[in-house]
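Peer 1: Before I ask anything, let me first share the structure, which is written out below as structure tokens.
The values are calculated or read from the model by the stated rules, or taken from the named source; none is laboratory data. Bear in mind the structure is a predicted one, so any value in this text is a computation, not a measurement. No Cβ is skipped: glycine too gets one built from the backbone with ideal geometry, and neighbour counts run over all protein chains shown.
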Amino acid sequence: MIWTSIICGYCQAARSTEFEAMFRNVESKIIEVAEMSLEELNAFVSFFYKATIDANVLLKHSPALLQAANKYKVDFLTSICEEALVTNISKENVISKFFVAKKHCSEAVMEAVLKEATTLGDVSTFTEYKKYSQTDAGLLLEFYEKLARLKKAKGSKRRRVGKGKLELFVLLCVLVRIFEHLRAGTLCDPSCTRHGSC
């Protein structure tokens, strides 16, 4: 559920150039923030006054807080959120962390996720693989491509494949897996009206 809340005061301007500019242009010094849940907003506002965030809240809400930090140009909070996102990367969450890094253009998180993913085995064994193959095959393809480039750059011991052929091979692998899901009836058709039961 989305809550609409109001942030007011001058303390925010001390840590955000965006808030400082907003306060200069608004006589009432009131800014409305509608894109966060109440818990996320409380953590965000609390950060301005304490310069800290509870570790459990940070782990739970780091993607939303990273989005807010980027939007309002709170660089210190951006760094804190990125550090939280790169902790405990595992087979269970590596694809969703890749998604967050891509969505928020976080090179630091992207680099850490890809580096760790190279040590976790085949992407098809990752816990979130099935979910993303059904909901965002394009994201999986990009994930495969970036991993392939990273492995190639690291001097992978696999046989050399000519330029362009590796990308085609990765695309074919993803398409074969998607076809297998379609054939087995485990991949939801976008035109399907029974999304909950697919």
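Peer 1: Looking at the range 72-122, which of the residues that are among the basic types (Lys, Arg) and within 14 Å of the chain's Cα centre (by Cα) is farthest from Glu32 (Cα to Cα)? Give the steps one after another, and end with the answer.
Peer 2: Step one: list which residues in the range 72-122 are among the basic types (Lys, Arg), which gives 73, 91, 97, 102-103, 115.
From what's left, within 14 Å of the chain's Cα centre (by Cα): 97, 102-103.
Working: Lys97: 28, Lys102: 27, Lys103: 23 Å.
Once the filter is applied, the top-ranked residue is Lys97.
Peer 1: Same structure again: Could you list, in sequence order, the residues of the range 50-99 that are among the polar types (S, T, N, Q) and either buried (at least 17 other Cβ atoms within 10 Å of the Cβ) or closer than 23 Å to Lys115 by Cβ (or both)?
Peer 2: To start, the set of residues in the range 50-99 that are among the polar types (S, T, N, Q) comprises 52, 56, 62, 67, 70, 78-79, 87-88, 90, 93, 96.
Scanning the range 50-99 gives Ser62, Gln67, Asn70, Thr78, Ser79, Thr87, Asn88, Ser90, Asn93, Ser96.
Peer 1: Between Leu65, Leu58, which is closer than 20 Å to Leu85 by Cα, at pLDDT 90 or above and touching an Asp or Glu at 6+ places or on another chain (Cβ under 7 Å)? Full working, then the answer.
Peer 2: On the way: Leu58 fails: touching an Asp or Glu at 6+ places or on another chain (Cβ under 7 Å).
Only one candidate passes the filter, namely Leu65.
Peer 1: So which residues in the range 92-132 are among the polar types (S, T, N, Q) and either in a loop (DSSP other than H, G, I, E, B) or at pLDDT below 90 (or both), if there are any at all? So that I can check it myself, show each step before the final result.
Peer 2: Here is the first cut: in the range 92-132, the residues among the polar types (S, T, N, Q) are 93, 96, 106, 118-119, 124-125, 127.
If the condition is that a residue be among the polar types (S, T, N, Q) and either in a loop (DSSP other than H, G, I, E, B) or at pLDDT below 90 (or both), then Asn93, Ser106, Thr118, Thr119, Ser124, Thr127 are the ones that fit.
Peer 1: Taking interchain pairs and intrachain pairs at least six residues apart, which have beta carbon atoms under 6 angstrom, with the first residue in the range 103-118 and assigned by TED's automatic domain parsing to the domain that holds Glu142 and of a type in the set (Ser, Thr, Tyr) and the second crowded, with 19+ Cβ neighbours inside 10 Å and assigned to a helix (DSSP H, G or I)?
Peer 2: Between residues of the range 103-118 that are assigned by TED's automatic domain parsing to the domain that holds Glu142 and of a type in the set (Ser, Thr, Tyr) and residues that are crowded, with 19+ Cβ neighbours inside 10 Å and assigned to a helix (DSSP H, G or I), the close pairs are Ser106/Glu82.
Peer 1: Look through Met36, Met22 and report the one residue that is surrounded by 16 or more Cβ atoms within 10 Å (Cβ to Cβ), of a type in the set (A, V, I, L, M), at pLDDT below 90 and part of a loop (DSSP other than H, G, I, E, B). Write out each step before concluding.
Peer 2: On the way: Met22 fails: part of a loop (DSSP other than H, G, I, E, B).
Being surrounded by 16 or more Cβ atoms within 10 Å (Cβ to Cβ), of a type in the set (A, V, I, L, M), at pLDDT below 90 and part of a loop (DSSP other than H, G, I, E, B) holds for just one of Met36, Met22, which is Met36.
Peer 1: So Ile89 fits all but one of (1) in contact with an Asp or Glu (Cβ under 7 Å, 6 or more places away or on another chain); (2) in a loop (DSSP other than H, G, I, E, B); (3) farther than 20 Å from Tyr144 by Cβ; what number is the exception?
Peer 2: (3)
Peer 1: How about the range 100-133: which of its residues are under 26 Å from Ala184 (Cα atoms) and crowded, with 16+ Cβ neighbours inside 10 Å? Show your work before the answer.
Peer 2: At the first step, the residues of the range 100-133 found to be under 26 Å from Ala184 (Cα atoms) are 121-133.
Matches in the range 100-133: Val123, Phe126, Glu128, Tyr129, Tyr132, Ser133.
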